[in-house]
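Let me begin by presenting the structure, written as structure tokens, before commenting on it.
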Amino acid sequence: MKLAEALQERADLNRNIEQLRVRLRNNAIIQENEPAAEDPAELLRELDSSLDRLEELMRRINHTNCTVKVGDKTITDLIAERDTLSIRLSAFKELAAAASETGRRARMTEIKLISTVNVKEIQKRIDSMSKEYRLIDNAIQAANWSADLL
């Protein structure tokens, strides 16, 4: 099994587990003398089975991510780099948007707002970081589809 396939199965399991939790909640209490729509004991067995498989997949995915190298970095290193870059990009985009709102004067007598940062330079950094993010994400995706799950 490829790492990407395991990641897809993990996502499916997470969705299934959430659905089972809702179904369990919906069948936890019934009206007296009425049957439950679904057997909670069967739902609990299915939940346990799904959680056991999820735990196994998570262990193997994490082990694979820590072991497989892309260049001189592990997949875990690349994921950490991509995730922090995503947060950095978000902050810079918010800064650029806020700093661009300087022209909100209804009359010339109102207080003039000026930007404290160079929006053009901030945007250049955003563009550069966006490209870096794409390259890192592409490297992760390629590794996910080429690496066998350990």
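The values are calculated or read from the model by the stated rules, or taken from the named source; none is laboratory data. Since this is a predicted model, take the numbers as computed values, not measurements. All Cβ positions, glycine included, derive from the backbone under ideal geometry; neighbour counts span all protein chains shown.
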Practice prompt. Answer with yes or no whether N27 is over 21 Å from the mean Cα position of the chain (by Cα) and surrounded by 14 or more Cβ atoms within 10 Å (Cβ to Cβ).
Written response: yes
Practice prompt. Name every residue in the stretch 91-104 that is in a helix (DSSP H, G or I) and not hydrophobic (A, V, I, L, M, F, W, C), in order of residue number.
Written response: K93, E94
Worksheet item: Cβ-Cβ below 9 Å, separation at least six or inter-chain, first residue in the stretch 9-31 and part of a helix (DSSP H, G or I), second among the β-branched types (V, I, T): which pairs?
Response: R10/I61
Worksheet item: Do we have any residue at all in the stretch 58-69 that's out of contact with any Gly (no Cβ under 7 Å at 6 or more places or on another chain), farther than 19 Å from A147 by Cα, touching a residue at least 12 places away in the same chain (Cβ under 8 Å) and basic (K, R)?
Response: no
Discussion item. Among the residues in the stretch 50-69, are any small (G, A, S) and loosely packed, with under 11 Cβ neighbours inside 10 Å?
Written reply: no
Discussion item. I'm checking my understanding of the structure. Among residues of the stretch 51-90 that are among the β-branched types (V, I, T) and in a strand (DSSP E or B), which one is nearest to the chain's Cα centre (by Cα)?
Written reply: T74
Practice prompt. Just one of (1) under 30 Å from N26 (Cβ atoms); (2) outside the structural domain of A6 (by TED's automatic domain parsing) trips up L44, so point out which.
Written response: (2)
